[in-house]
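Here's the structure, in structure tokens; my notes come after.
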Amino acid sequence: MYTAIGYAAQSATTPLAPVKFERRSPRPDDVAIEILYCGVCHSDIHQARNEWGIAVYPLMPGHEIVGKVTAVGASVTQHKVGDLVGVGCMVDSCRSCEACQANLEQYCLEGPTMTYATPDRVDGSNTMGGYSDSIVVSEHFVVRIPEKLPLASAAPILCAGITTYSPLKHYGVKAGDKVGILGMGGLGHMGIKFAKAMGAEVTLFTRSASKAEEARRQGADHVIVSTDDAQMQAAAGHFDFLLDTIPVQHDLNPYLDTLRFDGVHILVGLIEPVEPPVHAAKLVLGRRVLAGSLIGGIAETQEVLDFCAEHNITCDIEMLDIRQINEAYARMIAGDVKYRFVIDMATLKI
Ligand SMILES: [Zn+2]
Ligand SMILES: [Zn+2]
């Protein structure tokens, strides 16, 4: 064991504050990482405030981690001291179930061990995330950061990036497909870049016409203002895929009308009952699919990082001093960030 430092919440109602805590010494298959940057995801806020009812305190968020390897266990073969590496949303899984065998650890039938607030599979300790100076993770769950990628803006690829890339790949988005992206936050702006890089014709759905110019700057070909019924109706039967990144309740029915027959509406931002209900006729009459998708497996997380390096894709970020983390949360809730805060861990001192 050794003493690490970081920022954690002690309860659902207390702000994040500096703490010292124990990290394990590397096991034979572990990689010890000095964290250089960590992205700030909306899940971090939900968990710190126990909005999903599954928080364990102290809760140290952070699952968009990039850093440098400082030590490796005796059996590690994939990484060596000095390598630039990343850790995303998961740090372990059962590794033997059908999902794990298919490189889909995020759907592990026993449940993956998440990067924070989950019991470690070996010693039962509460996992502590990336708002910290270091982390120790089994090598299978550590990915390589391609040299070409700027480190800080690569961090959000580990959650926001893989979350949007994985479903576009899974459903086979290809050149010429018409893809609609719902919402342009941390996830949505990455969705635009990926769909565009896959050759699709990309449309952003947004509630505010003021985002049109910015959407085009991100690579969108078209913009539909979703509150304008005439624009929505004009798009009836148009899209092959909708990537829905909206994290709050919204009526799916008007969007389903914009899908072609066999079109797929993919939810990645919502984990609540859909309200108002989906009218089944909108699915049945056009053989349309309403789908969901969760992050991506470890192999695919490596794939998206390599894809980003190849296509010069990074996340648009605002660098954050960790001492401003609570203010950053308030700004994220107000939608006031373009598009991801990334903590510069050089600002972490206790
Ligand atoms: Zn996340
Ligand atoms: Zn499994």
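Tabulated data
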item	result
Entirely in the stretch 186-277, the helices (runs of 4 or more DSSP H) that have 1 or more residues that are open to solvent by 60 Å² or more (accessible area, probe 1.4 Å) and closer than 30 Å to Glu303 by Cβ	186-197, 212-218
Top-ranked residue in the stretch 12-26 [being within 21 Å of Leu84 (Cα to Cα) and open to solvent by 50 Å² or more (accessible area, probe 1.4 Å); ranked as farthest from ligand 1 (Cβ to nearest atom)]	Ser25
Residue match in the stretch 140-150 (condition: among the charged types (D, E, K, R) and crowded, with 16+ Cβ neighbours inside 10 Å)	no
Filter pass, Arg287 being modelled with pLDDT of 95 or more, basic (Lys, Arg) and in a loop (DSSP other than H, G, I, E, B)	yes
Count - residues of the stretch 162-178 that are touching an Asp or Glu at 6+ places or on another chain (Cβ under 9 Å) and within 16 Å of ligand 1 (Cβ to nearest atom)	3
Condition check for Ile5: under 19 Å from the mean Cα position of the chain (by Cα) and either in the same structural domain as Pro247 (by TED's automatic domain parsing) or not aromatic (Phe, Trp, Tyr) (or both)	no
Within the stretch 80-102, considering residues that are surrounded by fewer than 13 Cβ atoms within 10 Å (Cβ to Cβ) and in a loop (DSSP other than H, G, I, E, B), the one nearest to ligand 1 (Cβ to nearest atom)	Ala102
Among residues of the stretch 112-126, those that are over 18 Å from Cys100 (Cβ atoms), away from ligand 1 (no atom under 13 Å from the Cβ) and in a loop (DSSP other than H, G, I, E, B), counted	3
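The values are calculated or read from the model by the stated rules, or taken from the named source; none is laboratory data. In this text, all values refer to a predicted model and were calculated from it rather than measured experimentally. Glycine gets a Cβ as well: all are built from the backbone with ideal geometry, and neighbour counts include every protein chain shown. Remember, those area values only see protein heavy atoms, side chains included, never the ligands or the DNA or RNA. Shrake-Rupley method; radii C 1.70, N 1.55, O 1.52, S 1.80 Å.
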